[in-house]
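> Questions regarding the structure given below will be posed in turn.
The values are calculated or read from the model by the stated rules, or taken from the named source; none is laboratory data. Bear in mind the structure is a predicted one, so any value in this text is a computation, not a measurement. Note that each Cβ is placed from the backbone with ideal geometry, even for glycine, and that neighbours are counted across all protein chains shown. For the accessible areas, the whole protein counts, side chains as well, though only heavy atoms, and no ligand, DNA or RNA atoms are used. Shrake-Rupley method; radii C 1.70, N 1.55, O 1.52, S 1.80 Å.
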Amino acid sequence: MKRSYGNLLRRAIVLSLVLFGCGESRVDYPQRQMPEGLLREAAQLSAGYTLFHDKCASCHGKLSEGRSDRAVFFDPPAPDFTNINDPKTDPAYLYWRIESGKNVEPYRSQGSVMPAWGGYLTEQQIWQLVAYLQSRGP
Ligand code: HEC
């Protein structure tokens with residue numbers, strides 16, 4: 001009995017070292033394929049633009065786009081997507097974050113205020129947002 005607790009503890013320690021050691025960039029999310037050609041379709045991008053300004057800009061917009069004053073207090077902060085690079089440009093990552101927001105780890109424990117849009121937006125609308133975020137410049 002004693003021995004198995006010891007093992008369990010050791011495993012828990014190793015697991016937490018691995019989790020903390022790898023940091024946030026190693027989160028696991030479902031792989032998805034962005035519908036073919038979405039980034040090149042003006043109508044889809046403009047639908048994404050409208051959705052973003054309607055539902056996201058109060059937290060993620062630039063000041064000129066109506067970002068609210070309370071956004072300064074978000075910890076972790078909400079990015080404005082004018083400089084997305086690294087693994088976060090992966091459309092599947094962006095889709096997952098929009099769909100599940102703060103409802104998944106590690107974001108839940110970090111105190112994120114990012115809403116989960118999965119129940120409010122259709123799959124197509126989420127892809128339109130992903131496409132728009134990817135096209136967003138400074
Ligand atoms: C109430 C404020 C709020 C609203 C509204 C909001 N977000 Fe967020 N969002 C955040 C915060 C804060 C973060 C950073 C913490 C995190 O990653 O969970 C975030 C993170 C994200 C991320 C991950 C960014 C990264 O670099 O990892 C994506 C993608 C995202 N939001 C997209 C959206 C989209 C698209 C909308 C609109 C449909 C939206 N958000 C609406 C607050 C908000």
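> Show the residue pairs meeting these rules: Cβ distance below 9 Å; 6+ apart or different chains; first residue within the range 124-138 and among the aliphatic types (A, V, I, L, M) and at pLDDT below 95; second residue outside any helix (DSSP H, G or I) and within 10 Å of the ligand (Cβ to nearest atom).
L133/F81; L133/I84
> When you scan the range 91-104, how many residues do you find that are modelled with pLDDT under 95 and assigned to a loop (DSSP other than H, G, I, E, B)?
Here the count works out to 0.
> Would you tally the residues in the range 63-86 being open to solvent by 60 Å² or more (accessible area, probe 1.4 Å), of a type outside the set (S, T, Y) and either touching a Phe, Trp or Tyr at 6+ places or on another chain (Cβ under 9 Å) or under 18 Å from G137 (Cβ atoms) (or both)?
6
> Given the conditions (1) within 6 Å of the ligand (Cβ to nearest atom); (2) part of a helix (DSSP H, G or I); (3) modelled with pLDDT of 95 or more, report the number of the one that V113 does not fulfil.
(2)
> Let me ask something else about it. What residue, among those in the range 38-73 that are hydrophobic (A, V, I, L, M, F, W, C) and under 15 Å from the mean Cα position of the chain (by Cα), is farthest from G111 (Cα to Cα)?
F52
> May I ask you to list the residues in the range 92-105 that are open to solvent by 40 Å² or more (accessible area, probe 1.4 Å) and either under 17 Å from C56 (Cβ atoms) or not charged (D, E, K, R) (or both)?
The first filter runs over the range 92-105 and keeps only residues open to solvent by 40 Å² or more (accessible area, probe 1.4 Å), leaving 99, 102-103, 105.
E99, K102, N103 - these are the residues of the range 92-105 that are open to solvent by 40 Å² or more (accessible area, probe 1.4 Å) and either under 17 Å from C56 (Cβ atoms) or not charged (D, E, K, R) (or both).
> Follow-up question, since we're still on this one. Just give me the residues in the range 116-127 being within 10 Å of the ligand (Cβ to nearest atom) and either open to solvent by less than 20 Å² (accessible area, probe 1.4 Å) or β-branched (V, I, T) (or both), in sequence order.
L121, I126
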